[in-house]
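Following: one structure in structure tokens, then a few remarks.
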Amino acid sequence: MPVKKLTEGFLLSAKNFIRFDFGLLLLSTLKWLLISALLGVIIGSASALFLSTLTWATNYREQHLWIIAFLPLAGLMIGLTYHYWGASVVKGNNLLIEELQSPKKVIPIIMAPLIFAGTIITHLFGGSAGREGTAVQIGGAFADQFTKLLKLKARDRKIILICGISAGFASVFGTPLAGAVFGLEVFVVGSITYSAILPSFITAVIADYACKAWGVGHTHYAIAAVPEIGSVNLLLSLGAGILFGLTARSFSALNHGLTRLFGKIKYPPLRPFVGGIILIGIIYLIGNTRYIGLGIPVISEAFTQQEAYYTFAIKLFLTALTLGAGFKGGEVTPLFFIGATLGSFLSLFIPLPFGLLAGMGFVAVFAGAANTPLACIFMGVELFGTASGIYIALACVMAYLFSGHTGIYKSQTFGSPKHLLLRRR
């Protein structure tokens, strides 16, 4: 009899536990479904507005090239704006990463309009920059306002910041899976916050849908030929990945080095002014506008023809100079440019189709520079299809390993070393 009562008591406790646990899980899921849906619509719509404005700025610049002469004044305008009104958000993406690692205070909403305007001005007047930094900062700033509005706890604030980053990235590139993983992966190298997986994916998907619902499209790239997988081709992919990783490392080092160099100018607004003068001189010497702005036409070109050896190097230097001087924008699209054109050029020495090498470089250089190999593998599959998935994955992993323990985001910390040889370091 005691055994029977004990068994019945145990079963009743287990049943109550299951009911209680299931109820809490269901409530939590519903809560994040609602928050994620609202965030996704807001951030996706903001990305649509940003991309539309950026397209206008690019077209206007290409039709009125004289406007590039005012790049130093544009830089001065950006510098003054951030110096007097945006000192608290000047760190940009690094501020978001720092708040994810050790929360201090809610991201000021002024980050969103400042980075929006700063990026548009940078592109309008001929700077070489990207767009992901803008979308991520807009997403993070908007998302963090819900911390105050909904009175979220510290653990929930971390999740909502990840959602904002994921939504911004996903909607600006049209890659929801990569965006979701990027938000989970970017702030601590070698570690992923699994508790944020569901909200991150839902917010990224809805943000991407919202952006497209406004009629804003994204550039499509195609790899024309993918060879069969064999031992030789796999070894060639590994070798290409090493070169992509070293290129990513070079970009990060040059970017940080130029930032320190311009930091010697004591009055911050003068830094982009001086950088703008240097950029004008270089653009004049080059004699064309292939290397400024996003460079989408050249990226597309890299998939259909072999690029010259200097194409990636010029873009690498101009982007590091633009961002190091204090102009605003992201690094990712320029890294796509650098990787795609480098891969296209490497087809001269590596017997793989230049379209495939361009696609591998497109995501692998970014994987090495941002220390986000999983997000970049997802991005490669979303953009180029599963046929090239193995080549994409190998290139991203090797680039990640050989890019060193540095990256474009200074505030990243390391949850684990990239490989055991560097564990002590």
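The values are calculated or read from the model by the stated rules, or taken from the named source; none is laboratory data. Predicted, not measured: the structure shown is a model, and the values here were computed from it. No Cβ is skipped: glycine too gets one built from the backbone with ideal geometry, and neighbour counts run over all protein chains shown.
Of all residue pairs spaced 6 or more apart or on separate chains, none has beta-carbon atoms under 8 Å together with a first member in the range 58-71 that is on the phi > 0 side of the Ramachandran plot and a second member that is modelled with pLDDT of 95 or more and buried (at least 17 other Cβ atoms within 10 Å of the Cβ). Restricted to helices (runs of 4 or more DSSP H) entirely inside the range 260-331, no element has at least 1 residues that are in contact with a strand residue (DSSP E or B) (Cβ under 7 Å, 6 or more places away or on another chain) and of a type in the set (Phe, Trp, Tyr).
Say whether the condition of being modelled with pLDDT of 95 or more and exposed (fewer than 15 other Cβ atoms within 10 Å of the Cβ) is met by at least one residue in the range 191-213. Scanning the range 191-213, I find at least one residue that is modelled with pLDDT of 95 or more and exposed (fewer than 15 other Cβ atoms within 10 Å of the Cβ), so the answer is yes. Assess whether LEU114 counts as being under 22 Å from LEU149 (Cβ atoms) and in contact with a Gly (Cβ under 7 Å, 6 or more places away or on another chain). Judged against the criteria, LEU114 is a match.
Taking the condition in a helix (DSSP H, G or I), under 21 Å from GLY295 (Cβ atoms) and in contact (Cβ under 8 Å) with a residue 12 or more places away in the chain, does PHE201 pass? Criteria not met by PHE201. Just one residue in the set ILE277, ILE242, ILE283 is at pLDDT 95 or above, of a type in the set (Val, Ile, Thr) and crowded, with 19+ Cβ neighbours inside 10 Å; that residue is ILE283. With respect to the conditions (1) under 22 Å from GLY130 (Cα atoms); (2) under 20 Å from the mean Cα position of the chain (by Cα); (3) assigned to a helix (DSSP H, G or I), GLY241 falls short on a single one, namely (1).
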